[in-house]
Amino acid sequence: MQINLNGKTALVTGSTQGIGAAIAKGLAAAGARVAVNGRSEASVQRAVDALRAELADADLVEVAADVTTEEGVAALQAQLPDVDILVNNLGIFEAVPALEIDDAQWRRFFEVNVLSAARLTRIYLPGMIERSWGRVLNIASDSAVVTPVEMIHYGMSKTALLAVTRGFAKAAAGSGVTVNSVVAGPTHTQGVEQFVYQLVNKDLPWDKAQRQFMIEHRPQSLLQRLIEPEEIANMVVYLSSPLASATTGGALRVDGGYVDAILP
């Protein structure tokens with residue numbers, strides 16, 4: 001498959017590390033002009049420098065803005081008035097016993113994981129519809145379908161993101177714009193390494209800790225290992241391309257078979 005995104009501008013929120021950085025790299029490698037986003041100028045600059053070290057010809061834009069606030073989004077929009085591909089990747093997670101999650105934590109997870117994506121979609125989707133081409137991609141999680149007992153507030157936010165995706169896809173019906181979510185399974189990132197060590201023996205080397213985590217806490221996985229960020233990025237790049245023009249309103253799984261279902 002030859003994917004060519006030349007002439008397209010993409011915004012990937014929370015793209016200074018982890019899955020977001022892998023997505024930014026994948027889109028840039030396909031020829032897109034990619035806006036790398038993080039909260040601080042220093043973190044964005046480090047991410048851009050790292051990407052340019054791997055992709056010398058990458059067309060990158062540095063956008064330091066907190067997209068969880070209206071003020072941050074206004075600053076981002078002033079710098080980037082229009083995008084062709086919006087990837088709402090930013091998300092937070094943490095392990096907290098269900099009965100200990102307070103109101104502030106419930107609100108924070110909704111605002112960061114759901115409202116930030118809805119706000120950015122509301123801003124950029126009209127321009128895509130007017131131009132009769134665009135892609136909105138929301139990075140969801142297997143936790144949207146299989147609610148983890150150790151972080152139900154996170155699961156709730158990702159379930160809501162699936163509904164947001166489907167609703168905006170209906171709003172873009174017949175326009176040439178597609179709106180999809182990508183259901184990512186347990187993925188190997190720095191944050192997930194920290195999360196794994198919250199649940200298993202901290203003295204174990206990483207390979208053994210990862211194996212124990214998958215066996216004890218994610219036994220449904222058919223892959224039986226953590227997914228690498230580049231594997232999530234591959235799906236995002238495809239869905240961002242003209243090749244995926246008939247896929248919209250969907251929840252596409254890159255979960256290693258974690259969700260025990262026949263249908264996506």
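The values are calculated or read from the model by the stated rules, or taken from the named source; none is laboratory data. These figures come from a predicted structure and were not determined experimentally. Note: ideal-geometry Cβ built from the backbone for every residue, glycine included; neighbour counts use all protein chains shown. For accessibility, only protein heavy atoms count, side chains too; no ligands or nucleic acids. Shrake-Rupley method; radii C 1.70, N 1.55, O 1.52, S 1.80 Å.
Annotation note: Cβ proximity below 9 Å between a residue of region 63-92 that is more than 21 Å from GLN17 (Cα to Cα) and touching a residue at least 24 places away in the same chain (Cβ under 8 Å) and a residue that is open to solvent by 40 Å² or more (accessible area, probe 1.4 Å) and not charged (D, E, K, R) (sequence gap 6+ or interchain) occurs for GLN77/ILE123; ASP84/GLY7; ASP84/TRP133. The single condition among (1) under 22 Å from VAL254 (Cβ atoms); (2) buried (at least 19 other Cβ atoms within 10 Å of the Cβ) that VAL67 does not satisfy is (1).
Please determine, by comparing only the residues of region 1-41 that are part of a helix (DSSP H, G or I) and β-branched (Val, Ile, Thr), which one is most open to solvent (accessible area, probe 1.4 Å). So, considering only residues that are part of a helix (DSSP H, G or I) and β-branched (Val, Ile, Thr), the one most open to solvent (accessible area, probe 1.4 Å) is ILE19. Pairs meeting the criteria (first residue in region 227-248 and farther than 27 Å from GLU193 by Cβ, second residue among the aromatic types (Phe, Trp, Tyr), beta carbons under 6 Å, at least 6 apart or on different chains) are ALA244/TYR238. Which of the residues belonging to region 165-191 are open to solvent by 20 Å² or more (accessible area, probe 1.4 Å), within 24 Å of LEU86 (Cβ to Cβ) and either in contact with a Cys (Cβ under 7 Å, 6 or more places away or on another chain) or not polar (S, T, N, Q) (or both)? Listed by number, the residues that qualify are ARG166, GLY167, PHE168, LYS170, ALA171, ALA173, GLY174, GLY176, GLY191. From the list VAL63, VAL83, VAL44, VAL48, the one residue that fits, being in contact with a Leu (Cβ under 9 Å, 6 or more places away or on another chain), part of a helix (DSSP H, G or I) and at pLDDT 95 or above, is VAL48. Looking at region 245-262, is at least one residue open to solvent by less than 30 Å² (accessible area, probe 1.4 Å) and in a helix (DSSP H, G or I)? Scanning region 245-262, I find no residue that is open to solvent by less than 30 Å² (accessible area, probe 1.4 Å) and in a helix (DSSP H, G or I), so the answer is no.
Per the conditions (1) buried (at least 21 other Cβ atoms within 10 Å of the Cβ); (2) out of contact with any Phe, Trp or Tyr (no Cβ under 7 Å at 6 or more places or on another chain); (3) within 16 Å of ASN180 (Cβ to Cβ), the sole criterion not satisfied by SER116 is (3). Taken together, the criteria exclude GLU216 from residues that are in contact (Cβ under 8 Å) with a residue 60 or more places away in the chain, charged (D, E, K, R) and surrounded by fewer than 21 Cβ atoms within 10 Å (Cβ to Cβ). If you go through region 100-109 and pick out every residue that is surrounded by fewer than 17 Cβ atoms within 10 Å (Cβ to Cβ) and in contact with a helix residue (DSSP H, G or I) (Cβ under 8 Å, 6 or more places away or on another chain), you end up with 2.
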